[in-house]
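Everything on this sheet refers to the single structure shown next.
Nothing in this text is a laboratory measurement; each read-out follows from the coordinates by a stated rule. On a predicted model such as this, the values are computed, not experimentally measured, just so you know. Cβ placement follows ideal geometry from the backbone for every residue including glycine, while neighbour counts extend to all protein chains displayed.
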Amino acid sequence: MSRLTHIGLCVSDLQQSVEFYCTALDFQEIGRMHVAGEQTAQLLDVPGLVLDLVYLQRDGFRLELLSYTDPGVDGEGSPRRLNALGLSHLSFRVADADELIARIERCGGHGWPERTVKFDGGNRGLMATDPDGTWIELIETG
């Protein structure tokens, strides 16, 4: 295996998600693509797909936001249980979690203050979700 290239995240509103991840979480947009074709439809098993995607990057990590114009997205966009199989959350080490939660909420996300914990050693853990309900874990160094 050579290297990890990106993690893909299906979103309901591409522009809202780009603004959220760039403004709230300091990602930088590094590219856009429009995809419509049989090869990609076969690869992703989404017949007749029309797909717009944006690549974001932060700290050497690349996040691909996928917006399915056709046939649309599947699902409700609400937070899923963290013990559900598959990708469960994105995690960030932060200096000021309260300030970041406020920024997340201003940008269309949601903070979950009832989940705030203080770990031995002084670190705090907080949870938030993006506009589509993807979990975001914040670890504040104490």
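How big is the antiparallel share of DSSP beta bridges in segment 28-142, given as a percent to the nearest 5? Around 80 percent of the beta bridges assigned by DSSP in segment 28-142 are antiparallel ones.
Among 25-35, 57-67, the peptide with the highest mean count of other Cβ atoms within 10 Å heads the list, and the full ranking is 57-67, 25-35.
Against the chain, whose longest principal axis is taken from its Cα atoms, helix 97-106 shows a tilt of about 40°.
Evaluated over the Cα positions of segment 31-80, the convex hull gives a direction-averaged projected area, one quarter of its surface, of 4.5 nm².
To the nearest ten degrees, helix 14-25 and the longest principal axis of the Cα atoms of the chain are 30 degrees apart.
With helices as the sole contributors, the chain gives -6000 deg cm²/dmol at 222 nm; each DSSP H run of n ≥ 4 counts as -39500 (n - 2.57), and the sum is divided by every residue. Magnitude of the charge dipole for the chain, about its Cα centre and with charges confined to Cβ atoms of Lys, Arg (+1) and Asp, Glu (-1), is about 400 debye.
In the chain, taking the dipole from charged Cβ atoms about the Cα centre, the farthest positive-side position among Leu44, His110, Trp135 is held by Trp135. Derived scalar couplings between HN and Hα for segment 27-32 equal 6, 10, 6, 10, x, 9 Hz in order, rounded to whole Hz, by the Karplus curve 6.51 cos²θ - 1.76 cosθ + 1.60 (θ = phi - 60°), x for Gly and Pro. Charges were assigned to the Cβ only: +1 to each Lys and Arg, -1 to each Asp and Glu. The resulting dipole of segment 89-140 about its Cα centre is roughly 60 debye. Taken along its three principal axes, the alpha carbon spread of segment 14-142 comes to 53, 30, 24 Å, from the longest extent down to the shortest.
Counting only Cα atoms, segment 89-140 measures 32, 19, 19 Å along its principal axes, largest extent leading. In order along segment 69-85, the Karplus-derived 3J(HN,Hα) couplings, from 6.51 cos²θ - 1.76 cosθ + 1.60 at θ = phi - 60°, round to 5, 9, x, x, 9, 10, x, 9, x, 9, x, 9, 5, 6, 9, 6, 4 Hz, and Gly and Pro are given as x.
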